[in-house]
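The values are calculated or read from the model by the stated rules, or taken from the named source; none is laboratory data. Predicted, not measured: the structure shown is a model, and the values here were computed from it. Positions of Cβ are generated from backbone atoms using ideal geometry, with glycine treated the same way; all protein chains shown enter the neighbour counts. Note: areas computed on protein heavy atoms with side chains; ligands, DNA, RNA excluded. Shrake-Rupley method; radii C 1.70, N 1.55, O 1.52, S 1.80 Å.
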Amino acid sequence: MHNIDIELVEMTLDVMKYAIGRITATSPELGRPKKEEELRKLVGETVTDKGIGGERAFELFKDVLVKATVPIDHPRHLAFVPAAPTRAAIMFDLVTSASSIHGAYWMEGAGGIFCENEAMKWLVSLTQLPEGAFGVFTSGGTAANLSALVTAREQWRKHSENLNEKGLIITSIGAHSSIKTMAKVIDVDLLLVETEDLMSKSALQEKIDGLNPHQRKRLFAVVATGGTTNAGIIDDLSGIAQICEKEKLWFHVDAAYGGGALAADSVRHLFNGIERADSITIDPHKWLFSPYDCGAVIYKNPEQAKDAHAQEGSYLDIFKDEGAQGFNPSDYQIQLTRRLRGMPLWFSLAMHGTDKYKWAVEQGIDLANLAGRIITENSLVELVRKPSLSCVLFRRIGWFPEDYRNWTYKNHREGFALVTPTKWKQGSSYETVARFCFINPDTTEQDIRAILESME
Ligand SMILES: *Cc1c(COP(=O)(O)O)cnc(C)c1O
């Protein structure tokens, strides 16, 4: 036994040393994928009858495997939606694992759920939803959108005339792919307002007016986007809220990426109307500096979510008992057993204060505006549209789609940067363009200039 303990202590120190080294490295090596056969050749068999030992396995991870990954928090990783978890949040993610708390029910998880709920209260306050609104942390935006849409569908199905109808949702083509995929999961049809720019009140009304009576009967929800993933565009939330109230439709706002910007005074007005939503998705693992994975779904009336999601079972009854009474996160989203994934956000908020969060989000917006100015002054590139939130779409004059691809791969291969192209819809055609998305407040003007120089 004695030997095992020493080994365990050594392993713990090794792991802590690695973790500390990694989170204090502001510019970690930008790794890239290798083929599976290549990785297997390098690491050999790792899962064997007797085990290969922690030291060896950890060595393989540090020397080979982690180098075949991209650190998404790298200051020159501006592809997709990057991440920049605070050091406090990462350290507390380790604490969350070490504490082995079941996050489903108050009976077992009270102290941890209390932490999550403190962080959730701040998120809810950013939305300005009315008193009584509340939410839970999920594995991400996809799970949050699914949980919200199931709640909406169940509310609609409460009316017996809808019991055998297939539901219908309206969103825009700027909506995230997860809306389309989750519509498939719950087997409802999706109609798209044909714009990648903001979904306006009139475009939505036109779409609804164009439905035949049976389609109109099947329509139960509108999904607006609070910051499109591609371009940071915020739909006309006030106008859409008005229509949803008039037409008695569930109003969901997917702010998985943009939700962090609710904390930023400079752009908060763009989200006006979000306080009239029935449900909202925000991903703290995108723009609120939490480690993966951490999403959130917020409901104007959480009882509606409970109606849709609370699980029943003979061995679960005890959790609903008076003695265990408290807030049960599992009642409000699709997952039962769950990690307390809001705890890292809570610790980081408690440590830094919310002003620091406002500052860090504003930093991303400032970087986007700065990139916009630099692009305007550079004759090789031009803006496709004004920067929105922390997204910048721009074209390299004279480039074809394959030039953007080659440029992306070259920068990645050289371990310099990961910036990927995207497509932007203009009229009926799609153009390949370059895209920056800023999250990491440590990205510098020099980083932006150097990336633009790589397009010369
Ligand atoms: C990223 C994103 C999602 C999906 O969130 P995951 O956390 O990746 O599941 C949904 N909607 C929007 C607008 C997003 O940006």
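Among the residues of region 272-315, write down those that are among the hydroxyl-bearing types (Ser, Thr, Tyr) and either open to solvent by 10 Å² or more (accessible area, probe 1.4 Å) or touching a Ser or Thr at 6+ places or on another chain (Cβ under 7 Å) (or both).
Within region 272-315, the first condition is being among the hydroxyl-bearing types (Ser, Thr, Tyr), and the residues that meet it are 279, 281, 290, 292, 299, 314-315.
Of everything in region 272-315, those that are among the hydroxyl-bearing types (Ser, Thr, Tyr) and either open to solvent by 10 Å² or more (accessible area, probe 1.4 Å) or touching a Ser or Thr at 6+ places or on another chain (Cβ under 7 Å) (or both) turn out to be Ser279, Tyr292, Tyr299, Ser314, Tyr315.
Check region 233-244 and report whether any residue there is in contact with an Asp or Glu (Cβ under 6 Å, 6 or more places away or on another chain) and either open to solvent by 10 Å² or more (accessible area, probe 1.4 Å) or more than 14 Å from the ligand (Cβ to nearest atom) (or both).
no
With (1) open to solvent by 40 Å² or more (accessible area, probe 1.4 Å); (2) touching a residue at least 24 places away in the same chain (Cβ under 8 Å); (3) more than 16 Å from the ligand (Cβ to nearest atom) as the list, and Asn162 as the residue in question, which single condition is left unmet?
Here Asn162 meets the rest and fails (1).
Mind listing whichever residues of region 265-308 are part of a loop (DSSP other than H, G, I, E, B), small (Gly, Ala, Ser) and either at positive phi or more than 17 Å from the chain's Cα centre (by Cα) (or both)?
Applying the first criterion (part of a loop (DSSP other than H, G, I, E, B)) to region 265-308 yields 265-267, 272-273, 277-278, 283, 288-294, 300-301.
If we keep only those that are small (Gly, Ala, Ser) too, we end up with 266, 273, 277, 290.
Passing the criteria: Ser266, Gly273, Ala277.
For Ser177, work out the one condition from (1) within 25 Å of Arg341 (Cβ to Cβ); (2) of a type in the set (Gly, Ala, Ser); (3) open to solvent by 30 Å² or more (accessible area, probe 1.4 Å); (4) away from the ligand (no atom under 16 Å from the Cβ) it doesn't fulfil.
(4)
Residues to consider are Lys358, Lys286; find the one that is away from the ligand (no atom under 16 Å from the Cβ), out of contact with any Lys or Arg (no Cβ under 6 Å at 6 or more places or on another chain) and in contact (Cβ under 8 Å) with a residue 12 or more places away in the chain. Spell out the reasoning first.
On the way: Lys286 fails: away from the ligand (no atom under 16 Å from the Cβ).
Answer to the check: Lys358.
Considering every residue within region 303-316, establish whether at least one is within 16 Å of the ligand (Cβ to nearest atom) and out of contact with any Leu (no Cβ under 8 Å at 6 or more places or on another chain). Show your work before the answer.
Of region 303-316, the ones within 16 Å of the ligand (Cβ to nearest atom) are none.
Within region 303-316 (the criterion being within 16 Å of the ligand (Cβ to nearest atom) and out of contact with any Leu (no Cβ under 8 Å at 6 or more places or on another chain)), the answer is no, since none of the residues qualifies.
Do any residues in region 404-432 that are on the phi > 0 side of the Ramachandran plot have Cβ atoms under 6 Å from those of residues that are part of a loop (DSSP other than H, G, I, E, B) and open to solvent by less than 100 Å² (accessible area, probe 1.4 Å), where the two are at least six apart or on different chains, and which pairs are they?
What qualifies is Gly415/Leu30.
Residues to consider are Ile439, Ile374; find the one that is aliphatic (A, V, I, L, M), more than 25 Å from Thr86 (Cβ to Cβ), out of contact with any strand residue (DSSP E or B) (no Cβ under 6 Å at 6 or more places or on another chain) and not assigned by TED's automatic domain parsing to the domain that holds Val267.
Working: Ile439 fails: more than 25 Å from Thr86 (Cβ to Cβ).
One residue alone meets the criteria, Ile374.
Given the criterion of a type outside the set (Val, Ile, Thr), within 16 Å of the ligand (Cβ to nearest atom), closer than 19 Å to Phe436 by Cβ and modelled with pLDDT of 95 or more, identify the matching residue among Gly226, Gly258.
Gly258
Please work out which one of (1) surrounded by fewer than 15 Cβ atoms within 10 Å (Cβ to Cβ); (2) within 16 Å of the ligand (Cβ to nearest atom); (3) free of Cβ contacts under 8 Å to residues at least 24 places away in the same chain is the condition Glu131 fails and give its number.
Going through (1) surrounded by fewer than 15 Cβ atoms within 10 Å (Cβ to Cβ); (2) within 16 Å of the ligand (Cβ to nearest atom); (3) free of Cβ contacts under 8 Å to residues at least 24 places away in the same chain one by one, Glu131 breaks only (2).
Quick check on Ser200: is it within 21 Å of Ile234 (Cβ to Cβ), surrounded by 15 or more Cβ atoms within 10 Å (Cβ to Cβ) and among the hydroxyl-bearing types (Ser, Thr, Tyr)?
Numbers: within 21 Å of Ile234 (Cβ to Cβ): yes; surrounded by 15 or more Cβ atoms within 10 Å (Cβ to Cβ): yes; among the hydroxyl-bearing types (Ser, Thr, Tyr): yes.
Here the answer is yes, as Ser200 does meet what is asked.
Would you call Thr151 open to solvent by less than 20 Å² (accessible area, probe 1.4 Å) and either assigned to a helix (DSSP H, G or I) or within 15 Å of the ligand (Cβ to nearest atom) (or both)? Quick ask: steps written out before the conclusion?
On the way: open to solvent by less than 20 Å² (accessible area, probe 1.4 Å): yes; either assigned to a helix (DSSP H, G or I) or within 15 Å of the ligand (Cβ to nearest atom) (or both): yes.
Spelling it out, Thr151 is indeed open to solvent by less than 20 Å² (accessible area, probe 1.4 Å) and either assigned to a helix (DSSP H, G or I) or within 15 Å of the ligand (Cβ to nearest atom) (or both).
Quick check: is even one residue across region 212-221 within 14 Å of the ligand (Cβ to nearest atom) and either open to solvent by 30 Å² or more (accessible area, probe 1.4 Å) or modelled with pLDDT under 95 (or both)?
Filtering region 212-221 down to residues within 14 Å of the ligand (Cβ to nearest atom) leaves none.
Scanning region 212-221, I find no residue that is within 14 Å of the ligand (Cβ to nearest atom) and either open to solvent by 30 Å² or more (accessible area, probe 1.4 Å) or modelled with pLDDT under 95 (or both), so the answer is no.
How many residues does region 324-336 contain that are open to solvent by 70 Å² or more (accessible area, probe 1.4 Å) and within 19 Å of Phe114 (Cβ to Cβ)? Give the steps one after another, and end with the answer.
Quick first cut of region 324-336, residues open to solvent by 70 Å² or more (accessible area, probe 1.4 Å) only: 325, 334.
Restricting the remaining residues to those that are within 19 Å of Phe114 (Cβ to Cβ) gives 325.
Result for region 324-336: 1.
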